[in-house]
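Report on one structure; see the data block that follows.
Taken together, the values in this text are just the output of simple stated rules run on the coordinates, not laboratory data. Note that the structure is predicted; figures quoted are calculated from it, not measured.
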Amino acid sequence: MNSVTPLQPHPGANMEFWPERIEMAAAFRWTERLNFHEAVANHFSLAVSDDGSRFLMNPNQMHFRRIKASDLLLLDANDPATMELPNAPDPTAWGLHGSVHRLCPQARCVMHVHSIHATVLASLADSNLPPIDQNTATFFNRYAIDNDFGGLAFEEEGQRCATLLGDPKVKTLIMGNHGVLVIGDTVADTFNRLYYFERAAETYIRALQTGQPLRILSDEVAEKTAYEIETYPGQAEMHFGELMAILDEEGSNYAS
């Protein structure tokens, strides 16, 4: 008789929050592909409990290009023993993301990067992003600027940053001298915001480089544009769905 190789269990068969893990892994892979990452120093997290305290996050010092769904840590923002665990997260990731999930339950997904143009913007004496095109207008009256950088985002610094996200309209934090942090309702929503913020920052930085006067939209038109974009049906989900489809067509192992 021919022997039959038993079917191997799906890698997510005994793991909680498998669909959420897959989406997070796809976000890591595309962030690396777009060169928004900073070696192994940046972090994404996703709340998986109603109160936001339990969350998924990338493991310590693992490159975004290699992260799979099964690699993600499941953490509790209210667990003081987290950093004593054998698979403890990066201390700065715990300080920042743990604080945000503990203090800002509206922040279901949190993405923090040091992408080039966002960080250039965060390094200017005036880190405001004027509405000079559709992408920059997306963020009109919808970001905060942190002018009090205090070093690496260990727990005290992370808590300070979390206090800047109290306004429900603010979903982007320009972290002065540091980078950018975006929050959202889902992985797709947050990744879409991250993508467009980097594009908006690049447009603005390149416009400044021309040395020519800027054509700045009126507050009325900028607010109208921002509202129209944030209420545009399904754009973030379609964008992220296409990115996942590309990974699938390429045979990526992100969903394993």
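May I ask you to list the aspartates and glutamates whose Cα is less than 13 Å away from that of Lys224, ignoring any residue fewer than eight positions away on the same chain?
Asp133
Apply the Karplus parameterisation 6.51 cos²θ - 1.76 cosθ + 1.60, with θ equal to phi minus 60°, to every residue of the stretch 39-56 and state each ³J(HN,Hα) to the nearest whole Hz, in sequence, with x for glycine and proline.
6, 10, 9, 10, 8, 10, 9, 9, 5, 10, 10, 4, 7, x, 7, 8, 8, 8
Return the sequence-ordered ³J(HN,Hα) values of the stretch 238-253 in whole Hz as given by the Karplus equation 6.51 cos²θ - 1.76 cosθ + 1.60 applied to θ = phi - 60°, using x for Gly and Pro.
Result, ordered by residue: 5, 4, 5, x, 5, 5, 5, 5, 5, 4, 5, 5, 7, x, 4, 9 Hz.
Could you work out the relative contact order of the chain, using alpha carbon pairs under 8 angstrom and six or more residues apart, expressed as a whole percent?
About 22 percent, as a whole number.
Does the stretch 151-256 classify as rounded, prolate or oblate by the C-alpha gyration tensor (a ≥ b ≥ c root eigenvalues; a/c under 1.5 gives rounded; else a/b over b/c gives prolate, otherwise oblate)?
oblate
Provide the three semi-axes, in whole Å and in decreasing order, of the ellipsoid equivalent to the stretch 18-249 as defined by the square roots of 5 times the Cα gyration tensor eigenvalues.
One finds semi-axes of 28, 20, 17 Å for the stretch 18-249.
Starting from the amide H of Asn60, placed 1.01 Å from N in the peptide plane, find each other amide H under 5 Å away whose residue is 5 or more places distant or on another chain.
Placed amide hydrogens put Asp90 under 5 Å from Asn60.
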